[in-house]
Amino acid sequence: MPLLGICILVELHPWPVMTDLMVYALAFVFLGTYILPALISLSLKSVGLIDSLHMNTAKDRRIPFVIAFVFYLFTAIYVRRFPLPAECSAFLMGAALSIGLLTLLLPYQKASAHMAGIGGMIGLIAHISSAYFVDLYSYWVAAVLAAGLLGSARLILLAHSKSELLSGLLCGLFGMLVSLNWL
């Protein structure tokens, strides 16, 4: 989701971004929000600190979520150095905040990180739509359809309950809206 969110922000932002800069920024975001957390999760699995990469239990999610939070935060702070729209860094901060909220919920329930991601995208679309007064109907439709399909898939796979899906969606939406509007 971080790469998609950055691409949407740059595409819809009124000021153009140089292609070379965009490629470098996307590579950095990919490294900081996907590659490094994934490699650390693989390492945690190989040393036995987590039982499965599926992270079906709260115990398995705790350490990887904290690590992902740190990497997302670091990536957001570093992205501020790029001449990109300010919302790019705020978007990544919102993703970090969402992961932090998911981590805080772990003692109570295993909220869906997948739904937090789509909730963050819905928050991003809401922010862009209101901040720049643009009609993003097709983006809204795509995001709502993606949320429905994703939630349905998680239910069919018995990966989450309805309340876990809803709490994940709300964590993503809340984290993103707080970050984009107040950070």
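The values are calculated or read from the model by the stated rules, or taken from the named source; none is laboratory data. It should be emphasised that the depicted structure is a prediction, and the values quoted were computed from it without experimental measurement. Neighbour counts are summed over all protein chains in view; Cβ atoms, including those assigned to glycine, are modelled from backbone coordinates with ideal geometry.
Worth a mention:
- Flag if S152 is within 27 Å of P85 (Cα to Cα) and polar (S, T, N, Q): no
- First in the stretch 80-95 and farther than 21 Å from G119 by Cβ, second anywhere and basic (K, R), Cβ under 9 Å, 6 or more apart: A86/R80
One line per residue, one yes/no per condition, for (1) hydroxyl-bearing (S, T, Y); (2) surrounded by fewer than 18 Cβ atoms within 10 Å (Cβ to Cβ):
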{"site": "C7", "(1), (2)": "no, yes"}
{"site": "S43", "(1), (2)": "yes, yes"}
{"site": "S46", "(1), (2)": "yes, yes"}
{"site": "L49", "(1), (2)": "no, yes"}
{"site": "S52", "(1), (2)": "yes, yes"}
{"site": "D60", "(1), (2)": "no, no"}
{"site": "I77", "(1), (2)": "no, yes"}
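- Considering residues of the stretch 24-79 that are in contact with a Cys (Cβ under 9 Å, 6 or more places away or on another chain) and without any contact (Cβ under 8 Å) to a residue 40 or more places away in the chain only, the residue farthest from I6 (Cα to Cα): A76
- Of all residues in the stretch 1-33, exactly one satisfies the criterion of being aromatic (F, W, Y) and within 17 Å of M121 (Cα to Cα), namely F30.
So that you can scan it fast, the table gives a plain yes or no per residue for (1) crowded, with 22+ Cβ neighbours inside 10 Å; (2) in contact (Cβ under 8 Å) with a residue 60 or more places away in the chain:
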residue: M115; (1), (2): yes, no
residue: A142; (1), (2): no, no
residue: G168; (1), (2): yes, yes
residue: G175; (1), (2): yes, yes
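- Scope the stretch 15-26; condition over 16 Å from the mean Cα position of the chain (by Cα) and either within 19 Å of L73 (Cβ to Cβ) or modelled with pLDDT of 95 or more (or both); matching residues: A25
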